[in-house]
1. Residue 160 - would you say it is at pLDDT 95 or above, crowded, with 23+ Cβ neighbours inside 10 Å and farther than 26 Å from residue 16 by Cβ?
2. Looking only at the stretch 183-215, filter to residues that are touching a strand residue (DSSP E or B) at 6+ places or on another chain (Cβ under 8 Å) and within 25 Å of residue 231 (Cβ to Cβ); which one of those is surrounded by the fewest Cβ atoms within 10 Å (Cβ to Cβ)?
3. Go through (1) within 21 Å of residue 204 (Cα to Cα); (2) surrounded by fewer than 18 Cβ atoms within 10 Å (Cβ to Cβ); (3) within 17 Å of the chain's Cα centre (by Cα) for residue 56 and report which single condition fails.
4. Scan 190, 204 and give me the residue that is under 14 Å from residue 131 (Cβ atoms), modelled with pLDDT of 95 or more and assigned to a helix (DSSP H, G or I).
5. Looking at this structure, is residue 225 assigned to a strand (DSSP E or B), within 30 Å of residue 8 (Cβ to Cβ) and either modelled with pLDDT of 95 or more or touching a strand residue (DSSP E or B) at 6+ places or on another chain (Cβ under 8 Å) (or both)?
6. Under 9 Å by Cβ, and 6 or more places apart or on different chains, what pairs join a residue from the stretch 188-199 that is in contact (Cβ under 8 Å) with a residue 40 or more places away in the chain with one that is part of a helix (DSSP H, G or I) and surrounded by fewer than 15 Cβ atoms within 10 Å (Cβ to Cβ)?
7. Do we find a residue being surrounded by fewer than 20 Cβ atoms within 10 Å (Cβ to Cβ), touching a residue at least 40 places away in the same chain (Cβ under 8 Å) and part of a helix (DSSP H, G or I) anywhere in the stretch 59-68?
8. Suppose the filter is assigned to a loop (DSSP other than H, G, I, E, B) and out of contact with any strand residue (DSSP E or B) (no Cβ under 9 Å at 6 or more places or on another chain); does residue 32 pass it?
């Protein structure tokens, strides 16, 4: 592997990891319970390799076909790849075993499509269920009531394994304003866990991005999705 001299990415990665650790300790949490998903969408393979050399071992992509090309190009055997973008049903065929986790299952119909596809490959795909916790019309995801209503149906699908929830709060220049949405997702998770639905595990909460990941950690995130704080602003 070519050694890449990219001190800025190294410094940024280390800074984000420190912020996660500090936020976890502030909340009385173990920093090791939070995974940093380095959002590599629109980042070149060279930048991905630089982040890898800085210590990143989990990357997130949001376009299926582009992600597959990049994964094959960088060819890093000890990296976990996550799919974090909106997934159209006709793109499911591209999400093969390269992806350890799909964060953005926003409907029962999509879950069924993924499950059928994965059963045909004789494997089980780990997924998170996306919840539109803010109620914004432009956001993808189920409403909290829809999630609770459909939870047992998700649990019956053999080709997927539900292991948590994901949300994206409204864009806001003030990170503190995201807190109430992260709190609502955690409370929804706790409510759903109490239902003890067979086939459903909700240990993970994927919430928090560059602008508000520290708040998300304080409110219980186990997965934070950070890109521009590491790679710089996208053009």
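The values are calculated or read from the model by the stated rules, or taken from the named source; none is laboratory data. Given the structure is predicted, the values throughout are model-derived calculations rather than measurements. A quick note on method: Cβ atoms are made from the backbone with ideal geometry, for glycine too, and the neighbour counts reach across all protein chains shown.
1. Numbers: at pLDDT 95 or above: yes; crowded, with 23+ Cβ neighbours inside 10 Å: yes; farther than 26 Å from residue 16 by Cβ: yes.
Yes.
2. Of the stretch 183-215, the ones touching a strand residue (DSSP E or B) at 6+ places or on another chain (Cβ under 8 Å) are 185-186, 188-189, 192-193, 199-210, 213.
Now narrow it down to the ones that are within 25 Å of residue 231 (Cβ to Cβ): 204-210, 213.
On the way: 204: 20, 205: 24, 206: 27, 207: 31, 208: 29, 209: 21, 210: 17, 213: 26.
The extreme case among them is 210.
3. (2)
4. Working: 204 fails: assigned to a helix (DSSP H, G or I).
Exactly one residue qualifies, and that residue is 190.
5. Answer is yes for this residue.
6. Listed by first residue and then by second, the contacts come to 195/152; 197/152; 198/152; 199/152.
7. So far as the stretch 59-68 goes, no, none of its residues is surrounded by fewer than 20 Cβ atoms within 10 Å (Cβ to Cβ), touching a residue at least 40 places away in the same chain (Cβ under 8 Å) and part of a helix (DSSP H, G or I).
8. Details: assigned to a loop (DSSP other than H, G, I, E, B): no; out of contact with any strand residue (DSSP E or B) (no Cβ under 9 Å at 6 or more places or on another chain): yes.
When the stated conditions are applied, residue 32 does not pass them.
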